[in-house]
Amino acid sequence: MAMNAKQCACRWVLQHQHKLKQAARSCHLKVKEVLGIDEYRNYEYDNEYTFKYSELTTTLAEPKQLRAKPDVSELKFGQIFTDHMFKVFYHKALGGWQKPEIIPFENISLHPAAKVLHYAVELFEGLKAYRGVDGKIRMFRPDLNMQRMNLSAIGSGLPTFDGSELIKCMNRLIQIDQEWVPHSEASSLYIRPTLIGVDGTLGVAQSESALLFTILCPVGAYFDDKNDSVALFADPSYTRAWPGGCGDRKMGSNYGPTIRVQRKALRKGCQQVLWLYGEDHQVTEVGTMNIFIFYVNERGERILATPPLNGLILPGVVRQSILQMAHEWGEFQIQQRTITMNEVIRLQEENRLLEMFGSGTACVVSPISSIEYLGRILPIPTMEHSKPLYNRIREQLYAIQYGHFEHPWAVPIDSVY
Ligand SMILES: Cc1ncc(COP(=O)(O)O)c(C=O)c1O
């Protein structure tokens, strides 16, 4: 039967689609190279270059391998893990991502020269699943964690993947270990996806093999007392992130070096470090949280401000959620801009500083009560208001996370296949 021009073209496309995909992929990589990876933030992931939920295999733990669940009131962060884990290898020599698996929780065996052990070729994410008041388990904005994870992967020379495929695999993992999601509104299940370079070769170079795994741990209330506030230690001689660095990526190499400063803060009787940057002592982050300041300007207007995503700041999921929520409320101005210690001191001295708080997945919102800075203690009046903003934000996010009402940010784990 004779084919018309349209049919001929369709047949040609069908026959050559693999070449077209390859060409598209090459253009894609070229665009990344030309624009510079950092500017190319709307990167779309090609399914051909990802692992797939449809290929997931599951090996369930034997009854004797199942561990007793801890008492919710005794849960400490990151101490106890569930019965299963997710893992998938990437081997460039074998064509990239391999088949993903859910297996009983186990130790990882690594070559002693694995790049992760020598050059910190590693990144991770942190998100949570919550058991709602209706019994449904929901994850909070997992798509944002997946975007950030892929940006961290690009920054570490590790392979990227389709975030929606990992979300589906994590959902399956949580379904299998669902009895580990605490039956309590004060607790949740912490999810730790991690990507490490496992090439067993010395030399600072891209890792041709990688392992992506995800482990889960039930966690209790971050604060024993809901009104717990933190005292900060700010010393401009320490720097967490700098322009042109990778402080805006969730790489393990950003965290190890902060431990000695955190210890110094504890010795000073403070709970967290306030990270400053530059000669003007810019306020950047607090511990492993983003920071917000709520104040009244010279014209008597209330303003919520947080530092901009200028490379020094991790793009926090809770940070973004607070900005979006406050924007919807429309009750005060919102600014993403540089904040310096001089400004904080001036606002405090002029009684225009209302609140300061940190934000992050672990604590949601953490009010700040003082800052030790250059030998003096600056009191911050966050806890002195009858209806503080930090608490309103916290309650609103809790309500979304624990399913008090349906909200697009809280994604039920059985809704995304
Ligand atoms: C350095 C740093 N800043 C901010 C955050 C808060 O990010 P998120 O709101 O996504 O938990 C974290 C935690 O991941 C962090 O490690």
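We did not get these values from a lab; they are worked out from the coordinates using the rules stated. Just so you know, these numbers come straight off a predicted model, no measurement behind them. Cβ sites come from the backbone with ideal geometry, for glycine too, and all protein chains shown count toward neighbours.
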Worksheet item: What angle, in degrees between 0 and 90 and rounded to the nearest 10, separates the Cα long axis of helix 163-176 from the longest principal axis of the Cα atoms of the chain?
Response: 80
Worksheet item: What is the spread of the Cα atoms of the chain along each of their three principal axes, largest first, in whole Å?
Response: 85, 55, 48
Practice prompt. Work out the length of the dipole vector of the chain about its Cα centre, built from +1 on the beta-carbon of each Lys and Arg and -1 on the beta-carbon of each Asp and Glu, and round it to the nearest 20 debye.
Written response: 780
Fill in: Using a Förster distance of 30 Å, the FRET efficiency for Q65-V204 (Cβ separation, nearest 0.05)
0.20
Worksheet, complete the sentence: For the stretch 70-136 the GluC sites (Glu not before Pro) that pass both the DSSP coil test and the at-most-15 other-Cβ-within-10 Å test are E106
Worksheet item: Which whole-number percent gives the relative contact order of the stretch 282-351, counting Cα pairs below 8 Å spaced six or more residues apart?
Response: 36
Discussion item. Could you work out [θ]222 nm for the chain from helices alone, using -39500 (n - 2.57) per DSSP H run of at least four and dividing by all its residues? Round to the nearest 500 deg cm²/dmol.
Written reply: -8500 deg cm²/dmol
Fill in: the stretch 254-316: chymotrypsin sites (Phe, Trp or Tyr not before Pro) in DSSP coil with no more than 16 other Cβ atoms inside 10 Å
Y255
Discussion item. Over all directions, the average projected area of the alpha-carbon convex hull for the stretch 230-385 comes to how many nm²?
Written reply: 9.0
Item to complete: Within the set of other residues whose C-beta is less than 10 Å from the C-beta of P236, count the net charge using Lys and Arg as +1 and Asp and Glu as -1.
Response: -3
Worksheet item: Taking the Cα-to-Cβ direction at S415 and at H327 and moving 7 Å from each Cα, how far apart do the two end points lie in nm?
Response: 2.1
Worksheet item: What number, in percent, do you get for the relative contact order of the stretch 230-385 if the mean sequence gap of Cα pairs under 8 Å and at least 6 apart is divided by its residue count?
Response: 27
Worksheet, complete the sentence: Per the Kirkwood formula over distinct C-alpha pairs, the hydrodynamic radius of the stretch 37-221 in angstrom is 17.2
Fill in: Rh (Kirkwood; distinct C-alpha pairs) - the stretch 183-321, Å
18.0
Item to complete: Among Y119, V344, T258, pick out the residue whose Cα is farthest towards the positive end of the charge dipole of the chain, where Lys and Arg carry +1 and Asp and Glu carry -1 on C-beta, about the Cα centre.
Response: Y119
Item to complete: List the pair-distance distribution P(r) of the stretch 296-417, using every Cα-Cα distance, as the percent of pairs falling in each 5 Å bin from 0 up to the bin containing the longest distance, rounded to whole percents.
Response: 2, 9, 17, 22, 21, 14, 7, 4, 2, 1, 0, 0
Item to complete: For helix 5-35, report the angle its Cα long axis makes with the longest principal axis of the Cα atoms of the chain; keep it between 0 and 90° and round to the nearest 10°.
Response: 40
Worksheet item: Just in the stretch 196-287: which GluC sites (Glu not before Pro) are loop by DSSP and have at most 10 other Cβ atoms within 10 Å?
Response: E279
Discussion item. My understanding is that a pair violates if its Cα-Cα distance is over 27 Å; which of K168/K250; K6/K99; K76/K115; K87/K115; K76/K136; K52/K128 do that in this structure?
Written reply: K6/K99; K76/K115
Fill in: the stretch 291-297 - phi-based ³J(HN,Hα) in whole Hz, Karplus 6.51/-1.76/1.60, Gly and Pro as x
10, 10, 10, 10, 8, 10, 7
Discussion item. Taking 30 Å as R0, compute the FRET efficiency from the Cβ-Cβ separation of R376 and L309 and round it to 0.05.
Written reply: 0.45
Item to complete: Could you state the angle between the C-alpha long axis of helix 389-401 and the longest principal axis of the C-alpha atoms of the chain, as a value from 0 to 90 degrees rounded to the nearest 10?
Response: 30
Worksheet item: Cβ under 10 Å from L314's Cβ, L314 left aside: what net charge do those residues give with Lys, Arg +1 and Asp, Glu -1?
Response: +3
